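Presented below is the structure to which this report refers.
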Amino acid sequence: MKKNLIILFVIPLISFAQSVKGTFSPAEDFSYAFLYEATPESANYINRGKLDGDGNFEIQLDSTVKPGIYKIVYAVPPEENNFDFIYDGKENVAFNFSNENGVFFTESEENKLWNSYLKSMDMVNQTISNYFAKENSDKKGFNAIFKTLKDTQTGYEELAKDKLVSSFIRANKPYIPSEYEDISTYSKNLKQQYLSQVDFSDYLLQSSSFLVDRVTAYVLNMVENPSNDTYKQHIDDVAAAINSNDLIIKTSLLEMLWKHFSDQKNHEVANYITTNYLLELAKATENNVLLDMVIAFKNTSIGSKAPNFDITSNGQNTNLHQLKGAEHYLLIFWSSTCGHCLDELPKVKKMIADKPNLKVVAFGLENEADGWQKAIKNYPDFIHQIGLDKWDNPVVKTYGVSATPMYFLLSASKIIMAKPYELGDLEVILQGL
């Protein structure tokens, strides 16, 4: 009897609720499936499954894995090679995946319902596109199409009652006109109501990729060939749609848009987001990393005047803005302990040998001065300034330097003309001077 009692107490401790399993194809292109719990702030690692020779894996989920949004990461970089799914704590989740066809769920009513809904809505939306493409004015046909759209939405909302997927289906509710509209009126109303059904405070939506996808589609794709003024208006619309109490998700989504435009080197729109939203939001959320990042980008945007700093060169005290005698200045952030820097600086020296109207200002990121003092002897024609405390140096933070070497080409008046990322880019720019 005592032995049986022990077994009864042990089994609950090692019991599993459900599992996540899948098949990746072609199997040879994948090795592991990593499972994460998705939250509005981050993704928390749960477990991983090693794929067998046929591309199959299975991860058992114990009772500590709560209902919510989860993420499968299947390759690197993880931010580009993943997909979300819903776990309700009651169903197994099973799927087939390939890069060509994406994910198809074979178990889990929640996820199968969402996929079915998206497919059905795509079919109706294609019918709407075909209708307007033919410049059709058949009001009877118009009403029939949008009745189908309404019935489809209503039907899936009924099916999703008491399910987690309900949040997504309601948030995706399309604009449905009550009477005939021409393409211009329909497009205008569609745009105006595109964000109106989205509850940005919904925890499930915040944890998934839905909000990012929705906001990205609205800002970037709602209008064909958008101008910067269009982008700014769309960004304002997004900011207005999010409740002022939802500071974390508002900051996250606007930061995502900022990163898009900064990566695209669209300084005008990126700095618009910074000035109108991110500076205030970063302070309100005490996000000092974001605050430093957007300020540094704004300070060093092409067309801005380079932030000033003191220079002690050859026993004379001056600063960047007071330097004279050249048509262009090449500002280099480097370090005597940086292998890439020691490789590239001699090449830069050769590139500028025949350019008397260009001067180099070399700012050394150092923890101590000895190595720097030895290294600068190889570049007697450069204007040198040491920056002690290396990455914590105030000038380094102001310029947003995150790697060395880093280059800025300045005009005679110290306006930033170019920010070449690699030595090859710098060479091309210098050849044009």
- Obtain the nm distance between the two label points defined at K161 and K140 by a simple spin-label model: each point lies 7 Å from its Cα along the Cα-to-C-beta direction. 3.5
- Query: What do you reckon, how do Y32, Y399 stack up by accessible area (1.4 Å probe), largest on top?
  - Reply: Y32, Y399
- Solvent exposure, largest accessible area first (probe 1.4 Å, DNA, RNA and ligands not counted), of K374, K359: K374, K359
- With Cβ to Cβ distances under 12 Å as the rule, what net charge do the other residues near G49 carry (K, R +1; D, E -1)? +1
- Message: Given contacts defined as C-alpha pairs under 8 Å and at least six residues apart, what's the relative contact order of region 193-316, whole-number percent?
- Response: 19
- Provide the packing ranking of 202-211, 219-228, i.e. peptides ordered by the mean count of other C-beta atoms within 10 Å per residue, highest first. 202-211, 219-228
- Note on the structure: For region 239-268, listing trypsin sites (Lys or Arg not before Pro) in a DSSP loop whose Cβ sees at most 15 other Cβ atoms within 10 Å gives K265
- Task: Kindly rank 97-108, 179-190 from highest to lowest mean number of other beta carbons found within 10 Å of each residue.
- Result: 97-108, 179-190
- With only Lys, Arg, Asp and Glu charged, each at its Cβ (+1 for the first two, -1 for the last two), find how big the charge dipole of region 103-172 is about the Cα centre; round to the nearest 20 debye. 300
- Which of N367, L320, Y203 sits closest to the plus end of the dipole of the chain, meaning its Cα is farthest towards the positive end, when Lys and Arg get +1 and Asp and Glu get -1 on the C-beta? L320
- Item | Links that overshoot a 22 Å alpha carbon limit, given the list K259/K347; K188/K265; K147/K173 | K259/K347; K188/K265
- Solvent-accessible surface ranking, highest first, for D236, D138, D370 at 1.4 angstrom: D370, D138, D236
- If you place +1 on the Cβ of every Lys and Arg and -1 on the Cβ of every Asp and Glu, how big does the dipole about the Cα centre of region 227-301 come out, in debye to the nearest 20? 140
- Item | Considering only the chain, percent of DSSP beta bridges that pair antiparallel, nearest 5 | 70
- Query: Which of the trypsin sites (Lys or Arg not before Pro) found in region 381-415 are loop residues per DSSP with 15 or fewer other Cβ atoms within 10 Å of their Cβ?
  - Reply: none
- Positive-end residue, the chain charge dipole about Cα centroid, Cβ charges, pick of I86, A240, I429: I429
- Go through (1) 66, 53, 35; (2) 64, 44, 42; (3) 82, 79, 43 and flag the label whose value is the computed Cα extents along the principal axes in Å for this structure. (3)
- Query: So for the pair K397, E327, with labels modelled 7 Å out along Cα→Cβ, what separation do we get in nm?
  - Reply: 3.8
- Item | region 122-233: C-alpha gyration tensor shape, a/c 1.5 cut-off, then a/b vs b/c | oblate
- Query: Mean separation of Cα pairs under 8 Å and 6+ residues apart, divided by the residue count of region 20-111: what relative contact order is that in percent?
  - Reply: 29
- For region 274-369, with +1 on Lys and Arg beta carbons and -1 on Asp and Glu, the positive-most of T274, L331, V294 along the dipole: L331
- Item | Dipole magnitude of the chain, debye to nearest 20 (Cβ charges: Lys/Arg +1, Asp/Glu -1, about Cα centre) | 540
- Classified through the alpha carbon gyration tensor (a ≥ b ≥ c as square roots of its eigenvalues; rounded if a/c is under 1.5, else prolate when a/b is larger than b/c, else oblate), region 305-433 comes out rounded
- Hits among lysines - C-alpha to C-alpha of K414 under 19 Å, sequence gap 8 or more where chains match: K298, K305, K324, K355, K359, K397
- Note on the structure: Around D389 (Cβ within 12 Å, Cβ-to-Cβ, excluding D389; K/R +1, D/E -1) the net charge comes to -1
- Report the relative contact order of the chain, percent, no decimals, based on alpha-carbon pairs under 8 angstrom and at least 6 residues apart. 9
- Are there trypsin sites (Lys or Arg not before Pro) in region 81-134 that DSSP marks as loop and that have at most 15 other Cβ atoms within 10 Å, and which are they? K90, K134
- Output the DSSP H helices from the chain with an along-axis C-alpha extent of no less than 18 Å and a mean Kyte-Doolittle hydropathy no less than 1.0. 2-14
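The values are calculated or read from the model by the stated rules, or taken from the named source; none is laboratory data. Please read these numbers as outputs of a predicted model, since none were measured by experiment. Glycine gets a Cβ as well: all are built from the backbone with ideal geometry, and neighbour counts include every protein chain shown. Surface areas here come from the heavy atoms of the whole protein model, side chains and all, with no ligands, DNA or RNA. Shrake-Rupley method; radii C 1.70, N 1.55, O 1.52, S 1.80 Å.
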